[in-house]
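A.B. asks: Quick one: structure below, then a few questions.
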Amino acid sequence: MIELNGVKKSFGKQEVLKDVSIKVEDGEVVVILGPSGSGKTTLLRSINFLEKADSGIMKFKDKEINFKSPKKKDILYMRRHTGFVFQNYGLFAHKTVLQNVMEGLVQVQKKSKQEAQSIAEEVLANVGMLEKRDSYPAQLSGGQQQRVGIARAVALKPDVILFDEPTSALDPELVGETLEVIKAVAKTGITMIVVTHEMSFAEDVADRVIFMDGGVVVEEGKPGEIFYKPKEERTRQFLSRIIPQDAYVI
Amino acid sequence: MSFSISSFLESLQSAISYVPVTLKLTAITFVVSFFLGAVIATVRYYRIPVLSQFFAVFVTVYLGLPTMVALLLYNLLFMTFYGSFATFFHIPVPISEVNPIIIGYFTLIMGTTCSISESIRGAFRGIEKVQFEAGYSIGLSRFRTLTRIVFPQMVPILLPGMQNSLIGLLKASNLVSAISVIEVMAGALLPSLLYYSYLEGYVAAALVYWLIGIAIEIVAHYGEKYSGKYLKKTA
């Protein structure tokens, strides 16, 4: 279980997170929606301290971490128990696909090279990238790179995987294959927090949807409730722009 | 002015016999400067308080100091103060026994460190922020993110500049002949002192520097090709 309480964060004078609290149960898949600038990515990034929130409390497993003064070992603890999938993939450019997935297994989890390699190969096979194991990231399409990015996060068997708009940088025709891989990961029962704009993905996969706007959580609930019976006017406005209304289906 | 082949060969032979001095001076200076330059650039990149400001001012000021001026200045200071320094620390070595090459090392290391630190600072900017974040996200510490992810990716960015620094250093190393260290340049002129064959001496020295310089360029060329292979679109 991961619980954030009263998280605040400002960039200069601009308040990006104004007292945000969320709770994610073990095994739950939570999708965070919201317009750009709503603070959803900042919230996600503050969980593993890629962004340093100004204040708030995070409860994770048996730890309680104060965002105001996180200890170095707490930051490392969070990073070693969470996986992160970047919008721009963030594969290590100088390492092959296999080396990318093995890096954390060998360097952080201190597994032997053989063991790390067999884990990496298994995970790469699951995302359909085993054939490309010896390619460098520059030789792969965006969708392929993102699948490796997902494999790298999954291979470390984190307690929770954080996805930061994993399909936003992809060509439209590559979005599908990447979402399929994320769905498959979700089916393994791992806890996931996903920031995305993919509505149908949210509807299919999410146990719960959180709608954020202007640095606060506006509304949360089951995808069906949020999408079809939103309680808040702001949610309705946002959705009406994203889900085509009265669309002709041919 | 006549050109004597035999004097030239004599100068060349003498110059070649001092190649190890020049190479050692260049190589040690380069390695030490690279290490120190990397430390300075890293400190400045992470804006470590006090130290980064200090280095910023120091590097800016020091880069304006010509190597020859620095060399003669340090040499003068050394000559003047070594006596009292040695007495204070009870160093039993008289000044005549101290190899002046240490002044050469000091001068070259100071200057090269400053210029290399600027190159490395530039290379930091060539690395995308997400590479750092990806390292952190899999649980690598800051130090290991640097050594395992960031520094290796700097190699292809740094190589052209480092080749430049190394050749510049090779050429600057002959300045130490001004404080009576004998290296390739001074070595080539040793026979000239006897026979007044200065033209032959200078040409011999030029030839030796030129050959070493070309060797460095060839090595750097292949290094660049190899280290940047992951950047290519096709395998």
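The values are calculated or read from the model by the stated rules, or taken from the named source; none is laboratory data. The model shown is predicted, which means the values in this text are computed figures rather than measured ones. Cβ placement follows ideal geometry from the backbone for every residue including glycine, while neighbour counts extend to all protein chains displayed. In case anyone asks, the SASA skips ligands and DNA or RNA and just uses the protein heavy atoms, side chains included. Shrake-Rupley method; radii C 1.70, N 1.55, O 1.52, S 1.80 Å.
A.B. asks: Of all residues being in a loop (DSSP other than H, G, I, E, B) and open to solvent by 30 Å² or more (accessible area, probe 1.4 Å) in the range A:149-182, which is farthest from the other protein chains (Cβ to nearest Cβ)? Just the residue, please. Write out each step before concluding.
C.D. replies: Taking the range A:149-182 as the starting set, the residues that turn out to be in a loop (DSSP other than H, G, I, E, B) are A:156-159, A:165-171.
Going one step further and asking which of them are open to solvent by 30 Å² or more (accessible area, probe 1.4 Å), we end up with A:157, A:159, A:168-169, A:171.
Values: A:LYS157: 12, A:ASP159: 13, A:SER168: 14, A:ALA169: 11, A:ASP171: 16 Å.
Per the stated criteria, the residue is A:ASP171.
A.B. asks: Out of B:PHE143, B:PHE132, B:PHE124, report the one residue that is surrounded by fewer than 21 Cβ atoms within 10 Å (Cβ to Cβ), modelled with pLDDT of 90 or more, more than 28 Å from the chain's Cα centre (by Cα) and of a type in the set (A, V, I, L, M, F, W, C). Break it down into steps so the answer makes sense when it comes.
C.D. replies: Values: B:PHE143 fails: more than 28 Å from the chain's Cα centre (by Cα); B:PHE124 fails: more than 28 Å from the chain's Cα centre (by Cα).
So the residue among B:PHE143, B:PHE132, B:PHE124 that is surrounded by fewer than 21 Cβ atoms within 10 Å (Cβ to Cβ), modelled with pLDDT of 90 or more, more than 28 Å from the chain's Cα centre (by Cα) and of a type in the set (A, V, I, L, M, F, W, C) is B:PHE132.
A.B. asks: Being open to solvent by less than 30 Å² (accessible area, probe 1.4 Å), outside any helix (DSSP H, G or I), more than 12 Å from chain B (Cβ to nearest Cβ) and of a type in the set (A, V, I, L, M) is true for just one of A:VAL185, A:VAL194. Which residue is that?
C.D. replies: Numbers: A:VAL185 fails: outside any helix (DSSP H, G or I).
Just one listed residue meets the conditions, A:VAL194.
A.B. asks: Of these, A:LYS73, A:LYS95, A:LYS68, which one is within 30 Å of B:LEU231 (Cβ to Cβ) and charged (D, E, K, R)?
C.D. replies: On the way: A:LYS73 fails: within 30 Å of B:LEU231 (Cβ to Cβ); A:LYS68 fails: within 30 Å of B:LEU231 (Cβ to Cβ).
The match here is A:LYS95.
A.B. asks: Report, ordered by the first and then the second residue, all pairs with beta carbons closer than 8 Å, sequence separation of six or more or different chains, a first member in the range B:212-235 that is modelled with pLDDT of 80 or more, and a second member that is surrounded by 13 or more Cβ atoms within 10 Å (Cβ to Cβ) and among the basic types (Lys, Arg).
C.D. replies: Going by the 8 Å Cβ cut-off, the qualifying pairs are B:GLY213/B:LYS171; B:TYR230/A:LYS95.
A.B. asks: While we're on this one: Here's a check for you: in the range B:122-151, which residue that is more than 30 Å from A:LYS71 (Cβ to Cβ) and in a helix (DSSP H, G or I) is nearest to the other protein chains (Cβ to nearest Cβ)?
C.D. replies: If we filter the range B:122-151 for residues that are more than 30 Å from A:LYS71 (Cβ to Cβ), which is where we start, we get B:122-123, B:125-126.
From what's left, in a helix (DSSP H, G or I): B:122-123, B:125.
Numbers: B:GLY122: 18, B:ALA123: 13, B:ARG125: 15 Å.
Among residues in the range B:122-151 that are more than 30 Å from A:LYS71 (Cβ to Cβ) and in a helix (DSSP H, G or I), the one nearest to the other protein chains (Cβ to nearest Cβ) is B:ALA123.
A.B. asks: Kindly evaluate B:LEU194 against the criterion of being part of a helix (DSSP H, G or I), touching a residue at least 60 places away in the same chain (Cβ under 8 Å) and among the hydrophobic types (A, V, I, L, M, F, W, C). Step through it out loud before you land on a result.
C.D. replies: Values: part of a helix (DSSP H, G or I): yes; touching a residue at least 60 places away in the same chain (Cβ under 8 Å): no; among the hydrophobic types (A, V, I, L, M, F, W, C): yes.
No: the conditions fail for B:LEU194.
A.B. asks: Give just the number: which of (1) part of a helix (DSSP H, G or I); (2) exposed (fewer than 12 other Cβ atoms within 10 Å of the Cβ) does B:VAL93 not satisfy?
C.D. replies: For B:VAL93, the exception is condition (1).
Yes or no, residue by residue, for (1) within 19 Å of the chain's Cα centre (by Cα); (2) within 30 Å of B:PHE132 (Cα to Cα); (3) in the same structural domain as B:LEU169 (by TED's automatic domain parsing); (4) buried (at least 19 other Cβ atoms within 10 Å of the Cβ):
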| residue | (1), (2), (3), (4) |
| --- | --- |
| B:SER14 | no, no, no, yes |
| B:ILE28 | yes, no, yes, no |
| B:VAL31 | yes, yes, yes, no |
| B:TYR62 | yes, no, yes, no |
| B:PHE78 | no, no, yes, no |
| B:TYR82 | no, no, yes, no |
| B:ALA86 | no, no, yes, no |
| B:ILE103 | yes, no, yes, yes |
| B:ILE116 | yes, yes, yes, yes |
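A.B. asks: Still on this model: Identify, by number, the condition in (1) at positive phi; (2) more than 9 Å from chain B (Cβ to nearest Cβ); (3) not hydroxyl-bearing (Ser, Thr, Tyr) that A:GLN99 doesn't meet.
C.D. replies: So A:GLN99 meets the others, but not (1).
A.B. asks: Test B:LEU175 against the stated conditions and say whether it is open to solvent by 30 Å² or more (accessible area, probe 1.4 Å), closer than 16 Å to B:VAL19 by Cα, among the hydrophobic types (A, V, I, L, M, F, W, C) and assigned by TED's automatic domain parsing to the domain that holds B:LEU73. Outline the logic, then answer.
C.D. replies: Working: open to solvent by 30 Å² or more (accessible area, probe 1.4 Å): yes; closer than 16 Å to B:VAL19 by Cα: yes; among the hydrophobic types (A, V, I, L, M, F, W, C): yes; assigned by TED's automatic domain parsing to the domain that holds B:LEU73: yes.
Yes: the conditions hold for B:LEU175.
A.B. asks: Tell me the residue from A:GLN146, A:GLN109, A:GLN139, A:GLN117 that is out of contact with any Leu (no Cβ under 6 Å at 6 or more places or on another chain), surrounded by fewer than 23 Cβ atoms within 10 Å (Cβ to Cβ) and within 28 Å of A:PRO172 (Cβ to Cβ), please.
C.D. replies: On the way: A:GLN146 fails: surrounded by fewer than 23 Cβ atoms within 10 Å (Cβ to Cβ); A:GLN109 fails: within 28 Å of A:PRO172 (Cβ to Cβ); A:GLN117 fails: within 28 Å of A:PRO172 (Cβ to Cβ).
A:GLN139 is the lone residue from the list that is out of contact with any Leu (no Cβ under 6 Å at 6 or more places or on another chain), surrounded by fewer than 23 Cβ atoms within 10 Å (Cβ to Cβ) and within 28 Å of A:PRO172 (Cβ to Cβ).
A.B. asks: Any idea which residue in the range A:42-79 is farthest from the other protein chains (Cβ to nearest Cβ), counting only those that are buried (at least 18 other Cβ atoms within 10 Å of the Cβ) and basic (Lys, Arg)?
C.D. replies: The qualifying residue farthest from the other protein chains (Cβ to nearest Cβ) is A:ARG45.
A.B. asks: Of the residues A:SER112, A:SER135, A:SER118, only one is more than 26 Å from A:LEU4 (Cα to Cα), among the small types (Gly, Ala, Ser) and at the interface with chain B (Cβ under 9 Å from one of its Cβ atoms); which? Explain how you work it out, then say what you get.
C.D. replies: On the way: A:SER112 fails: at the interface with chain B (Cβ under 9 Å from one of its Cβ atoms); A:SER118 fails: at the interface with chain B (Cβ under 9 Å from one of its Cβ atoms).
Just one listed residue meets the conditions, A:SER135.
A.B. asks: Does B:VAL155 count as surrounded by fewer than 22 Cβ atoms within 10 Å (Cβ to Cβ) and within 22 Å of the chain's Cα centre (by Cα)? Let's see the steps before the verdict.
C.D. replies: Numbers: surrounded by fewer than 22 Cβ atoms within 10 Å (Cβ to Cβ): yes; within 22 Å of the chain's Cα centre (by Cα): yes.
Spelling it out, B:VAL155 is indeed surrounded by fewer than 22 Cβ atoms within 10 Å (Cβ to Cβ) and within 22 Å of the chain's Cα centre (by Cα).
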